[in-house]
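For reference, the structure is listed below as structure tokens.
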Amino acid sequence: MSTNRSAATAATPSEAGPDGTATTTAPRARRAGRDRRRFPIGPLVVLVVAGVVWYVLSLVLFVVPEPAGTVRALIDNFSSAEFTDAVGKTAVDGLVAFVLATLAGVLLGALIGLSRFARRILEPPILALNGIPKIAIYPVLMLVFGLGSTSQVTMGFIFGVFPVIINFGGALATVPAIYGRVARSLAMPWYQRLLKLDIPAALPSLAVGLRLAFSLSLVGVVFAEIIGSKGGLGQIIIAKYTLAQYELMGAAVLLLIVTSLVGTTSLWALERRMARRWR
């Protein structure tokens, strides 16, 4: 038994630490290498399942276009003026809404997370507003801003800002107490603690909020375009549905799904990287 144990110990690559004890660094390095090479198969599985469900529904319901026909319609019409203008409008409005939601969410989240007084005042109304069905607000936005891009950007902002506030503010409010003791022992000024300890500790949660805000901002913009707008992919979806041009409608929906999936997967990779670095 001791011989086997010795052989197993010898077979495990190790290095001697400063105190002479053995530290098994090779398995740790191999695990880190496997983590870097790991492919996110979740989105791929979702795509395959969605494709199968889509095909089955196209056989059962005449209003659901066939996947191959939808892809052909997207390729044939993507360079048309109608699609180009719609894609440009939705992309710009969605990006502006996401950026504004990120900036406002980070500022309000920092205020709520770092100030107990601000948290007591602002947290209840923010949580209450987050629970309101946001799509019901859009008729008011149309009355105030009209059918232009301002109302769609505002709708996307309303959809996207709350995940950033809640995730970032909650992370700053729950920074481990050991960080405060470390800062006091090193006589850190408050701004150094904020920049070197508190914010880095909250970055993984901020990445989660950004991932959610991206997809929700795009959803808010497209919902607003479907209800009432002068352009955008949402307007193409509702117009082609009204004209029974289901393959073109499906092409617009497919383009939105692919865009959302690419953006969400990229931010998910950023989230994992931050989690590995700061946790």
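The values are calculated or read from the model by the stated rules, or taken from the named source; none is laboratory data. Computed from a prediction, not measured in an experiment: that's the story for all the values here. Glycine gets a Cβ as well: all are built from the backbone with ideal geometry, and neighbour counts include every protein chain shown. Side chains are part of the model used for accessible areas, which takes the heavy atoms of the whole protein and leaves out ligands, DNA and RNA. Shrake-Rupley method; radii C 1.70, N 1.55, O 1.52, S 1.80 Å.
Points worth noting:
- Test for Phe83: is it within 30 Å of Ile165 (Cβ to Cβ), aromatic (Phe, Trp, Tyr) and part of a helix (DSSP H, G or I): no
- Inside the stretch 199-235, residues that are among the β-branched types (Val, Ile, Thr) and either modelled with pLDDT of 90 or more or in contact with a Gly (Cβ under 7 Å, 6 or more places away or on another chain) (or both) make up a count of 4.
- Check on Leu248, over 24 Å from the mean Cα position of the chain (by Cα) and either surrounded by 18 or more Cβ atoms within 10 Å (Cβ to Cβ) or of a type in the set (S, T, N, Q) (or both): yes
- Being open to solvent by less than 80 Å² (accessible area, probe 1.4 Å) and within 27 Å of the chain's Cα centre (by Cα) holds for only one residue in Gly69, Gly94, and it is Gly94.
- Only listed residue being farther than 17 Å from Arg211 by Cβ and of a type in the set (A, V, I, L, M, F, W, C), chosen from Leu95, Leu103, Leu108: Leu108
- The set of residues in the stretch 152-172 being over 13 Å from the mean Cα position of the chain (by Cα) and farther than 18 Å from Glu271 by Cβ consists of Gln152, Val153, Thr154, Met155, Gly156, Phe157, Ile158.
- Within the stretch 97-116, restricting attention to residues that are assigned to a helix (DSSP H, G or I) and among the small types (Gly, Ala, Ser), the residue that is surrounded by the fewest Cβ atoms within 10 Å (Cβ to Cβ) is Ala104.
- Filtered by the rule that a residue be outside any helix (DSSP H, G or I) and either in contact (Cβ under 8 Å) with a residue 60 or more places away in the chain or open to solvent by 60 Å² or more (accessible area, probe 1.4 Å) (or both), the stretch 129-174 gives Gly131, Ile132, Pro133, Leu147, Gly148, Thr174.
- Take the conditions (1) open to solvent by 20 Å² or more (accessible area, probe 1.4 Å); (2) closer than 30 Å to Met249 by Cβ; (3) part of a helix (DSSP H, G or I); Val222 misses just one of them, which is (1).
- Thr84 being within 28 Å of the chain's Cα centre (by Cα), in contact (Cβ under 8 Å) with a residue 40 or more places away in the chain and open to solvent by less than 90 Å² (accessible area, probe 1.4 Å): no
- Tally of residues being modelled with pLDDT of 80 or more, farther than 15 Å from Gly113 by Cα and open to solvent by less than 30 Å² (accessible area, probe 1.4 Å) across the stretch 175-198: 0
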